[in-house]
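The values are calculated or read from the model by the stated rules, or taken from the named source; none is laboratory data. Please read all numbers here as calculations on a predicted model, not as lab measurements. Positions of Cβ are generated from backbone atoms using ideal geometry, with glycine treated the same way; all protein chains shown enter the neighbour counts.
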Amino acid sequence: MDTGNVTWVLIGAALVLFMTPGLAFFYGGMVRSKNVLNMLMMNFWCVLVVPLLWVIAGYSLAFGGTGSMLGNFSKVFGHGLDFAGMEPAVMIFLATFAAITPALISGAVADRMKFAAWAVFVPLWSLLVYVPVTYWVFAPHGWLHARGSLDFAGGTAIHVNAGIAALALILVLGKRKGWPRDGAPPHSMPLVMLGTGILWFGWFGFNAGSALAANGQAVQAFINTFLAASAGGLAWALIERFHQGHFTNLGVASGIVAGLVAITPACGYVTSMSGIAIGAIAGAVCSFAISMKFKFGFDDSLDVIGVHLVGGLVGSLLIGLFADPDGIGQTFRAGLFYGGGLRLLGEQALANGATMAYSFGVTFVLAKVLHATMGIRVSADAESEGLDQTEHAETAYNHNERTMGRSN
Amino acid sequence: MKLVTAIIKPFKLDDVKSALKAIGVEGITVTAVEGFGRQGGHSETYRGSEYQIDFIPKIKVETVVADDAVARVVDEIVEAARTNKIGDGKVWITPVEGVVRIRTGERDEDAI
């Protein structure tokens, strides 16, 4: 066992775990104060149920066996892991990835989804969508992986997957009352900025940890993660300044996240200057992509599609241009700019196309089934009153302690 | 007795309080309020969506004073709260029928 590698992967797991609370604050600050606890709970729920599911069965189905489409049951209940090697550390590292992926979707359904439906949706989606797609993209025998498409830390398997699933889910869920006329401005920009900082911090574990070793590729991934986030934030902020007149905190936060999303699939395959380019391109593209929802009329509350789907696609496709095996010192297919021709770009397009088709289809059916059975949307009154009260019987910011007496 | 109510810019509260203390006003009550007037609101933009903010934060200052002190109190508030820019606020005067100090039971002008 290489103790350095195990150490880095375990630290990486803790870093990635921290991203989910970070995401909760990033999203939580952006919703109105009557819905912030619901948003936090949707995210924390993923950390409760998904890692359990992952160790019990998800990991085995996502990495066991030698099939091309899905794993097997050889490693269920934590069986068959060799604690003299890396696999147990990698298994629990990946549990944190499984947890944050459905959490990403929560931003799209903000302000109106019945919590019980979310509680059921998360584990079902993890098993039916996340696990198979992860097998295709990451397992050694998975068909997309075997064809030679590249996804270093989860651009396709996580961000594109969650982004397109968000679209399917909100098409069933419907628009918020009064959207887009009424709007819903953020209730706490400081929470958004704090969440952004936590996400950025955790993302070093996500991306550099995905080298699964403490080596040069991990360092390159770390550097790219740093640079792409900065470049993404800068690009979004500058575009906003020239279009709308101000540098906004939300623009900076959104650009940082867009840059982080886009560099996720690419970070171990591209050199530093390409990392800057990918981050900047993602920041710019996503700053325009977020207006798609108004054009097409889907209520993606916190722009999960505009940032995660679009940012993930940008980063994943740009690997087809920027992948540089000589620059990294590893063996993988080179991109167009480094003598690999168009083959890699084609594989990236196929991998994302297949992921989007499968994820959209299964998520749409899952949402329809939940809608028809338990219902996925809160009542109109609950939506007006706020989900913190109606779904959780709690208040985020309690300004009336003096009038609160115990009733039991 | 009169109730003097003033709506002022929040950053002028300290000046108003000091001015009133200096002329012997024994107490004021302050509330954070929001409202709109001639000043109008402002707009904020979040991810390209523009929001018009019509209600502007102001401070409401209230104090009950004896009839013969009213003119001076109002003048001091106006002087202290004025910036000569739009949105400085207003002061108005309302008759008060009676006042009781809870601790001692003193009434009316003895209680203010």
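Checking A:Gly311, A:Gly335, A:Gly283, A:Gly386 one by one, the residue that is within 22 Å of A:Asn35 (Cα to Cα) and not β-branched (Val, Ile, Thr) is A:Gly386 and no other. Annotation for the stretch A:333-340: at least one member residue is surrounded by fewer than 18 Cβ atoms within 10 Å (Cβ to Cβ), aromatic (Phe, Trp, Tyr) and in contact (Cβ under 8 Å) with a residue 12 or more places away in the chain. Within the option set A:Leu81, A:Leu61, being touching a helix residue (DSSP H, G or I) at 6+ places or on another chain (Cβ under 6 Å), in contact (Cβ under 8 Å) with a residue 24 or more places away in the chain and over 18 Å from A:Thr156 (Cα atoms) holds for one residue only, A:Leu61. Filtered by the rule that a residue be outside any helix (DSSP H, G or I) and closer than 15 Å to A:Met30 by Cβ, the stretch A:280-305 gives A:Ile290, A:Asp299, A:Asp300, A:Ser301, A:Leu302, A:Asp303.
Residues in the stretch B:1-43 that are charged (D, E, K, R) and closer than 19 Å to B:Asp68 by Cα: how many?
Here the count works out to 3.
The residues on offer are A:Leu124, A:Leu70, and the sole one that is within 26 Å of A:Pro265 (Cβ to Cβ), modelled with pLDDT of 95 or more and part of a helix (DSSP H, G or I) is A:Leu124. A residue that is over 25 Å from B:Gly48 (Cβ atoms), touching a Cys at 6+ places or on another chain (Cβ under 8 Å) and without any contact (Cβ under 8 Å) to a residue 60 or more places away in the chain cannot be found anywhere in the stretch A:252-260. Against the list (1) within 14 Å of another protein chain (Cβ to nearest Cβ); (2) part of a helix (DSSP H, G or I), the condition A:Thr225 fails is (1).
The residues of the stretch A:241-250 that are facing chain B (nearest Cβ under 8 Å) and in contact with a Phe, Trp or Tyr (Cβ under 9 Å, 6 or more places away or on another chain), listed by number, are A:Thr248, A:Leu250.
If you check A:Gly216 against the conditions, is it buried (at least 20 other Cβ atoms within 10 Å of the Cβ) and out of contact with any His (no Cβ under 9 Å at 6 or more places or on another chain)? Steps first, answer last, please.
Values: buried (at least 20 other Cβ atoms within 10 Å of the Cβ): no; out of contact with any His (no Cβ under 9 Å at 6 or more places or on another chain): yes.
Spelling it out, it is not the case that A:Gly216 is buried (at least 20 other Cβ atoms within 10 Å of the Cβ) and out of contact with any His (no Cβ under 9 Å at 6 or more places or on another chain).
Listed by position, the strands (runs of 3 or more DSSP E) contained in the stretch B:1-63 that have at least 2 residues being surrounded by 14 or more Cβ atoms within 10 Å (Cβ to Cβ) and in contact (Cβ under 8 Å) with a residue 60 or more places away in the chain are B:2-8. The set of residues in the stretch A:1-49 that are in a helix (DSSP H, G or I), among the polar types (S, T, N, Q) and in contact (Cβ under 8 Å) with a residue 24 or more places away in the chain comprises A:Asn5, A:Thr7, A:Thr20, A:Asn38, A:Asn43.
Scanning the stretch A:161-189 for residues being within 14 Å of another protein chain (Cβ to nearest Cβ) and more than 13 Å from A:Ala110 (Cα to Cα) gives a total of 7. Between A:Ala235, A:Ala253, A:Ala258, the distinction of being crowded, with 20+ Cβ neighbours inside 10 Å, more than 14 Å from chain B (Cβ to nearest Cβ) and in a helix (DSSP H, G or I) belongs to A:Ala235 only.
Screening A:Pro180 against (1) modelled with pLDDT under 95; (2) assigned to a helix (DSSP H, G or I) leaves a single unmet condition, (2). Just checking, does the stretch B:50-61 include any residue being modelled with pLDDT under 95, out of contact with any Gly (no Cβ under 7 Å at 6 or more places or on another chain) and within 14 Å of chain A (Cβ to nearest Cβ)? Taking every residue of the stretch B:50-61 in turn, at least one turns out to be modelled with pLDDT under 95, out of contact with any Gly (no Cβ under 7 Å at 6 or more places or on another chain) and within 14 Å of chain A (Cβ to nearest Cβ). Considering the stretch A:269-282, and only residues there that are farther than 14 Å from A:Ile305 by Cα and under 18 Å from the mean Cα position of the chain (by Cα), the residue that is farthest from the other protein chains (Cβ to nearest Cβ) turns out to be A:Ile278.
For the stretch A:363-386, the candidate set comprises residues that are in a helix (DSSP H, G or I) and not hydrophobic (A, V, I, L, M, F, W, C); within that set, the residue that is nearest to A:Ile164 (Cα to Cα) is A:Thr363. When the stretch A:144-160 is filtered for residues that are assigned to a helix (DSSP H, G or I) and either buried (at least 24 other Cβ atoms within 10 Å of the Cβ) or within 14 Å of the chain's Cα centre (by Cα) (or both), the ones remaining, listed by number, are A:Leu144, A:Gly155, A:Thr156, A:Ala157, A:Ile158, A:His159, A:Val160.
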